Amino acid sequence: MSNNHRNRFIPLWLALSCIVGIVIGSFYGIQFSEGRPSIIKAGANKLSNLLSGIDEFYVDSVDVSGLVEKAIPIILSELDPHSVYISADDVELAEDDLRGSFSGVGIEFIIRNDTLRVQNVISGGPSERAGLLAGDKIVTVDDSVFTGEDLTNEIAMHKLKGPQGTQVRLGIVRGLDGQKKEFTVTRDVIETHSISAAYMLDENTGYVKIKNFGEHTYNELIIALAQLSMEGFQQLVIDLRGNTGGYLQTAVSIAQQFLPRNRLIVYTEGLKSQRVEYKSKRLASYANMPLVILIDEGSASASEILAGAIQDNDRGTIIGRRSFGKGLVQQPIPFTDGSMMRLTIARYYTPSGRCIQKPYTSGMDRDYEEDLLMRYQNGEFFSMDSIHHTGPKYYSTVLHRTLYGGGGITPDIFVPQDTTNYTSYYKEALMSGLILQFCYEYTDQNRQKLKEFTDETSLVKYIKKQNIVEKFAQYADGQGLRRRNLMIQQSHELLEQFIFSRIVYNMLDEQAWMQYLNSHDPVIKEALRVMKEGKAFPTLEEEDNEATSEGGPVAKAFDYHPTHQHTSLVARG
C-alpha cells in the first residue's frame with residue numbers, strides 16, 4: 001500500500017481514537033458516579049486520546065499500561081504532597097499496619113550485609129511452629145537466592161507475605177557453621193498492634209504508647225486502660241511521638257474517652273467537600289482524669305487531631321516539640337485492576353479553627369520534603385523561639401488561651417532535643433548504621449547468655465558490666481570509623497544508652513524497649529513534673545514559666561484548677 005493511500009486513513013484513525021477516548025471516559029465516569037468522586041472530565045478525554053494516539057501511531061512499540069503507571073504518580077504529585085497512587089502490588093502492603101493483621105510467615109527482620117536476618121520470631125506464629133529462631137539468616141526463598149545488594153524490606157515482605165494457608169520454603173543459615181537448612185512454613189494470619197507499651201511510670205501515672213491509629217487501636221486502648229486501672233493509675237500520659245497517623249474515626253473515638261459531651265473534636269472542609277464536624281457524643285470514662293499528650297516532629301495526621309482536640313478544649317497539656325503538620329484528608333479511590341489512589345478532598349481543622357496542614361507549593365515541592373531537615377538546621381528542635389509560624393498567628397482555646405497556627409500542633413510546654421555530649425563521632429556512628437549492626441551481631445553472638453534475663457532491668461544490669469562501649473569502639477574501628485578516644489569519652493553515656501536500648505529490643509519486646517528509653521527521657525521527666533505539680537489541666541489563673549523549655553509555654557498558664565478532680569524499628573513478614 002502506498003504512503004498516500006495510508007495517509008488517507010489517518011483522519012479516520014484519529015476520529016476512531018477520539019471515539020474510543022470518549023467511550024472510555026464515559027465508562028469510568030459512570031464507574032465513579034455513584035457515591036464516588038467523578039474524576040473523568042473533559043481533560044481526561046484528552047488524556048485518553050493521547051494514549052490512544054501513542055498506541056496507534058508511535059514509531060516503536062509502547063507498553064501503554066506501563067506508561068500510565070508512571071504518569072499517574074506524576075499527575076497526582078502536581079496536586080499536593082499527600083495525594084498518591086498505590087500500585088495493585090502495594091495496596092495490601094500499604095494497609096497492613098492499619099488493618100491490624102496480615103498473612104505471612106510471622107517474623108520481624110532486618111537486612112544487614114545484603115542478608116535478611118530474623119530479629120524476632122512472633123510467638124505462636126507459623127515460623128515458630130516451623131522451628132525458626134531469632135538470629136537465623138534467610139538465604140533462599142522457594143529455591144531462589146534471597147541475598148544481594150538489591151534486597152530491600154519491600155521485596156522481602158512481598159516474598160514472605162501471602163495468602164493464608166500457602167506454603168513457602170525458606171533456606172536458613174544458623175550459627176557459624178554456614179550450613180543451609182530448609183524449613184517449610186505455612187503462612188497464617190499475624191496480629192499486629194498499635195499500642196506498643198502500657199505500664200505505670202510511677203505509682204499514680206499510667207503510660208500508653210500509640211504507634212498509629214488503625215482499625216483496632218481504640219479497642220487496644222480500652223484494654224490497656226482497664227489493665228492500668230487494675231494497677232491503680234489516677235493520671236495518664238499518652239505518647240504520640242513518631243505516630244504517623246491513620247484513621248480519622250479512630251482518633252475521634254479515642255478523643256471521646258477524654259472529652260466532656262458535645263465538645264468539637266475536629267472538622268473537615270474542602271472546596272467540594274462541605275464542612276463535617278466530629279463531636280464527643282457520649283459520657284466519657286476519663287473526662288476528669290489528669291492527661292498529658294507527648295508529641296514531636298514525627299507526630300502526624302490523626303495524632304495531630306487527637307493532640308489538637310485535647311489542647312483546644314483545654315483538656316490536657318501537650319508536651320514535646322511541634323508536630324509534623326499533615327492535615328489533608330485523603331479518600332481512597334480504587335481502580336478495577338486492584339490499584340488505588342488516595343486523593344486529597346479536604347483539610348483538617350482543630351476546634352479553634354487551626355488548619356493542621358503546614359504550607360506547601362503545588363507540584364513537587366522540595367522544601368516540603370525537606371521541611372524536618374530545615375527545622376533542624378534552623379534550630380527549631382533546640383529552641384521554641386526558632387519555630388516559624390505561617391498564616392493567621394493566634395487562635396483561642398475554650399478558656400481563651402492563645403495558641404499558634406500555621407501548621408502542626410505547637411506544644412504547651414516545649415522540651416528541646418538534648419544534644420549534650422553529642423559529638424561528631426557519635427553522629428557518624430548513628431548515621432552510618434554501625435551501632436545497629438554492632439548491636440545485632442553482639443546479640444546474635446551472645447543470645448544464649450542473654451536469654452537468661454527476662455526483663456529489662458536484669459538485662460541492662462548484666463550488659464552494663466560488659467564494657468560495651470569499648471567493644472563497640474573496637475568493632476567500629478574495624479569497620480572504618482576511626483577511633484576518637486576523647487569524643488568516645490564525651491559521648492560515652494549516649495553511646496551506652498543507645499546500645500543498651502537496641503540489645504533490649506533485640507532480646508525482649510517493644511514495651512521493655514520503651515521502658516528503658518523512657519527511664520532516660522527528659523520529655524517523660526517533664527510530664528511527671530507537670531503531673532506532680534497538679535498542672536495537667538490548663539487554666540488562666542497564673543503564668544507558669546518554670547518549664548524546662550526555652551522560650552516558655554505557648555499558653556499563658558498551667559495552674560491546677562480545683563474543680564478538675566479526677567475520678568479514678570523493624571519490618572514484618
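The values are calculated or read from the model by the stated rules, or taken from the named source; none is laboratory data. Treat the numbers as computed from the prediction; the structure is a model and nothing was measured. Ideal geometry is used to build each Cβ from the backbone, glycine not excepted, and the neighbour counts take in all protein chains shown. Please note that ligands, DNA and RNA were not included when accessible areas were found on the heavy atoms of the full protein model with its side chains. Shrake-Rupley method; radii C 1.70, N 1.55, O 1.52, S 1.80 Å.
General observations
- Any chance VAL266 is buried (at least 24 other Cβ atoms within 10 Å of the Cβ) and more than 19 Å from GLY245 (Cβ to Cβ): no
- The set of residues in the stretch 418-435 being farther than 15 Å from GLY480 by Cα and crowded, with 16+ Cβ neighbours inside 10 Å consists of THR423 alone.
- Residue within the stretch 225-240 that is more than 26 Å from MET531 (Cβ to Cβ) and open to solvent by 30 Å² or more (accessible area, probe 1.4 Å) present: no
- GLU69 being at pLDDT 80 or above and either at negative phi or of a type outside the set (Lys, Arg) (or both): yes
- Here TYR247 fulfils each of the conditions (1) under 17 Å from the mean Cα position of the chain (by Cα); (2) under 17 Å from ALA197 (Cβ atoms); (3) of a type in the set (Ser, Thr, Tyr) apart from (2).
- In the set ASN313, ASN288, only one residue is farther than 25 Å from VAL276 by Cα, over 20 Å from the mean Cα position of the chain (by Cα) and surrounded by 16 or more Cβ atoms within 10 Å (Cβ to Cβ); that residue is ASN288.
- When the stretch 110-154 is limited to residues that are more than 26 Å from VAL504 (Cα to Cα) and part of a loop (DSSP other than H, G, I, E, B), the one that is most open to solvent (accessible area, probe 1.4 Å) turns out to be GLU149.
- So LYS209, is it touching a Ser or Thr at 6+ places or on another chain (Cβ under 9 Å), of a type in the set (Lys, Arg) and open to solvent by 10 Å² or more (accessible area, probe 1.4 Å): yes
- Count of the stretch 450-466 residues, restricted to those that are farther than 19 Å from ASN421 by Cβ and open to solvent by 80 Å² or more (accessible area, probe 1.4 Å), is 6.
- Looking only at the stretch 162-206, and only at residues there that are within 15 Å of VAL105 (Cβ to Cβ) and among the basic types (Lys, Arg), the one that is surrounded by the most Cβ atoms within 10 Å (Cβ to Cβ): ARG187
- Counted residues, the stretch 165-180 - those being farther than 18 Å from GLN119 by Cβ and modelled with pLDDT under 90: 5
- Residue within the stretch 499-508 that is in a helix (DSSP H, G or I) and open to solvent by 50 Å² or more (accessible area, probe 1.4 Å) present: no
- Single match in ASP337, ASP367 (criterion: of a type in the set (D, E, K, R), touching a helix residue (DSSP H, G or I) at 6+ places or on another chain (Cβ under 6 Å) and open to solvent by 10 Å² or more (accessible area, probe 1.4 Å)): ASP337
- Verdict on TYR475 being at pLDDT 90 or above, hydroxyl-bearing (Ser, Thr, Tyr), in contact with a helix residue (DSSP H, G or I) (Cβ under 6 Å, 6 or more places away or on another chain) and within 26 Å of SER299 (Cα to Cα): no
- Flag for SER352 being open to solvent by less than 10 Å² (accessible area, probe 1.4 Å), modelled with pLDDT of 90 or more, in contact with a Ser or Thr (Cβ under 7 Å, 6 or more places away or on another chain) and not aliphatic (A, V, I, L, M): no
- Sole residue being farther than 26 Å from LEU343 by Cβ and more than 21 Å from the chain's Cα centre (by Cα), chosen from GLU108, GLU149: GLU149
- Residue match in the stretch 408-420 (condition: under 30 Å from ARG529 (Cβ atoms), touching a Lys or Arg at 6+ places or on another chain (Cβ under 9 Å) and of a type in the set (Gly, Ala, Ser)): yes
- Residue count for the stretch 473-498 under the criterion of being open to solvent by 70 Å² or more (accessible area, probe 1.4 Å) and assigned to a helix (DSSP H, G or I): the result is 8.
- Selected residue (criterion: nearest to ASN518 (Cα to Cα)) from residues of the stretch 441-499 that are among the aromatic types (Phe, Trp, Tyr) and more than 31 Å from the chain's Cα centre (by Cα): TYR462
- Residue satisfying all of: in the stretch 173-206; among the charged types (D, E, K, R) and in a loop (DSSP other than H, G, I, E, B); farthest from GLU510 (Cα to Cα) among these: ASP177
- When the stretch 63-87 is filtered for residues that are open to solvent by less than 50 Å² (accessible area, probe 1.4 Å) and not hydroxyl-bearing (Ser, Thr, Tyr), the ones remaining, listed by number, are VAL64, GLY66, VAL68, ALA71, ILE72, LEU76, ASP80, PRO81, HIS82, ILE86.
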